[in-house]
Amino acid sequence: MSTPIAAHVFGGRAIADRLGRRGLPDGPVAETWEVSDVDGNSAEVAEGQLAGRTLRQLTADHPEELVGRGWRGRIFPLLTKFIDAAGMLPVHLHADDTTAQRLEGQPNGKTEAWHILDAAPGATAYLGVQDGVDRATLRAALLDEDFDAVLRTLPIRPGDTIYVPGGTLHSFGPATLVYEIEQTSDIQQHAMPWNMEDGSLVPPDQRRANIDRLLDEWNPQARPTPTPGLRLPLAEDCDRLLCCAGPYFALERWRLAAETVVQRSFDQAVIVSNAGAPARLDTENWTGELGRAESLLLPAALEDISFTGSADLLLGYLPDLARDIQQPLLEAGHPPEALATLGAG
């Protein structure tokens with residue numbers, strides 16, 4: 001599918017230089033939207049009989065064949081990105097579902113998760129507010145850009161995943177490369193005196209209004225923490241890491257040894273993104289190579305697919321929590337309390 005590009009001011013060249021993505025424009029690239037159905041940025045099918053059709057059209061016309069049995073909805077529910085935080089992201093938040101419907105006029109909010117692909121030694125992220133911080137204290141600190149006084153600063157390392165519920169104040173960077181999966185939405189409120197699109201200054205009156213709106217959408221209880229994920233069996237010479245899981249999405253990372261073949265069946269849409277060397281994918285009617293930092297959307301109707309390594313793949317999907325998450329983790333010997341570390345409890 002086609003990939004929208006965001007050249008925000010915090011971006012660099014890591015998606016091209018570190019991950020090996022080809023075809024990117026010159027200059028900083030902050031985000032590649034791997035699979036998107038955001039209004040105005042709905043991906044298009046790149047090849048085959050449906051070339052040129054948008055993801056929005058496919059979701060409307062073939063909901064069960066694309067997303068999964070029983071699916072009903074106007075938009076494709078998952079959004080995935082590679083993000084190069086060469087500089088620090090703005091301190092911001094995204095509304096949760098209830099708040100998005102009440103204040104933004106949107107059908108859903110944006111809960112998201114970050115899987116850390118690379119980070120400089122000592123890298124940190126802002127993740128929610130410190131204990132005891134009330135609205136007035138937070139407002140004053142945000143206006144003063146005194147973020148360390150009120151926000152939780154946690155270390156992050158390559159391989160960590162952070163599940164970030166809607167309403168969580170957050171930021172990460174610099175020198176951090178992330179794969180992000182989230183609800184399909186582009187709503188946000190930020191606290192910065194500059195615009196992330198071009199670095200232009202936000203007028204003081206507008207900035208105060210932005211911060212007040214942010215505080216109206218803030219969830220004071222949201223305090224996520226990085227997790228290393230939980231491992232599940234896959235095949236010999238393969239590593240399967242369940243990075244995170246919740247009601248909106250699940251994310252796995254598969255590392256396959258050279259020439260290893262893994263065959264799987266799916267009955268829901270799966271976004272496959274490549275964080276390593278080119279990998280081969282085979283279905284009954286199609287064979288192709290997934291290049292470096294490229295992504296494919298595998299429709300629910302596809303069912304059987306083979307993956308051939310050497311590969312480092314990220315797989316995002318809308319899970320049946322009992323069947324796809326709880327049962328396999330318990331069968332693999334993980335204690336029930338470990339499951340709550342993956343996301344929303």
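Read the figures in this text as sums done on the coordinates, not as results from a lab. Keep in mind that what you see is a predicted model, and the values were worked out from it rather than measured. Cβ: placed from backbone, ideal geometry, glycine included. Neighbour counts: every protein chain shown.
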Completion exercise
The helix 135-144 Cα axis meets the longest alpha-carbon principal axis of the chain at an angle in degrees, between 0 and 90 and rounded to 10, of 90 degrees
Practice task
Treat region 230-342 as a sphere of radius equal to its Kirkwood radius over Cα pairs and apply Stokes-Einstein at 4 °C in a medium of 1.567 mPa s; give the translational diffusion coefficient in µm²/s, rounded to a whole number.
Solution key: 90 µm²/s
Exercise for the section: Using a cut-off of 12 Å between beta-carbons, work out the net charge of the residues near Asp97 (Lys and Arg +1, Asp and Glu -1, Asp97 not included). Expected result: -1
Fill in the blank from the handout: From the Cα centre of region 180-239 to that of region 267-291, the distance in Å is 29 Å
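Among rounded, prolate and oblate, which fits region 62-120 when a ≥ b ≥ c are the square roots of the eigenvalues of its C-alpha gyration tensor, a/c under 1.5 means rounded, and a/b larger than b/c means prolate?
oblate
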Problem - chymotrypsin sites (Phe, Trp or Tyr not before Pro) lying in DSSP loop within region 216-316, provided at most 14 other Cβ fall within 10 Å - result: Trp286
Practice task
Work out how far the C-alpha atoms of region 1-108 reach from end to end along every principal axis, then list the three figures in whole Å, largest first.
Solution key: 41, 41, 21
Fill in the blank from the handout: In nm², the average projected area of the convex hull spanned by the Cα atoms of region 133-268 is 11.1 nm²
Completion exercise
With R₀ set to 25 angstrom, the calculated FRET efficiency between the beta-carbons of Leu50 and Ser265, to the nearest 0.05, is 0.65
Completion exercise
In a Gaussian network model of the chain with springs linking alpha carbons closer than 10 Å, the residue among Leu127, Leu201, Leu215 that fluctuates most is Leu201
Practice task
Give the whole-number value, in cubic angstrom per residue, of the convex hull volume spanned by the C-alpha atoms of region 5-217.
Solution key: 142 Å³
Handout entry: Spatial separation of Cα centroids for region 88-103 and region 298-330, in angstrom
Key = 29 Å
Exercise for the section: Check each of the chymotrypsin sites (Phe, Trp or Tyr not before Pro) in region 112-186 and keep only those in coil by DSSP with at most 13 other C-beta atoms within 10 angstrom; list them in order. Expected result: none
Fill in the blank from the handout: Computed Rg/Rh for region 80-167 (Cα atoms; Rh = Kirkwood radius) stands at 0.99
Exercise for the section: Using only alpha carbon pairs under 8 Å that are at least six residues apart, calculate the relative contact order of region 1-147 and give it in whole percent. Expected result: 21 percent
Problem - Per DSSP, loop trypsin sites (Lys or Arg not before Pro) in region 56-93 with at most 12 further Cβ within 10 Å - result: Arg69, Arg72, Arg74
Problem - C-alpha long axis of helix 204-217 to longest principal axis of the chain, angle in ° - result: 60 degrees
Fill in the blank from the handout: Full extension between Thr287 and Asp237 adds, at 0.36 nm per residue less the Cα distance, a length in nm of 15.7 nm
Practice task
Please return the longest stretch of the chain lacking exposed loop sites, where GluC sites (Glu not before Pro) count only if DSSP places them in a loop and at most 12 other Cβ atoms lie within 10 Å.
Solution key: 48-144
Handout entry: Over the chain: helical MRE at 222 nm, DSSP H runs n ≥ 4 each giving -39500 (n - 2.57), nearest 500
Key = -3500 deg cm²/dmol
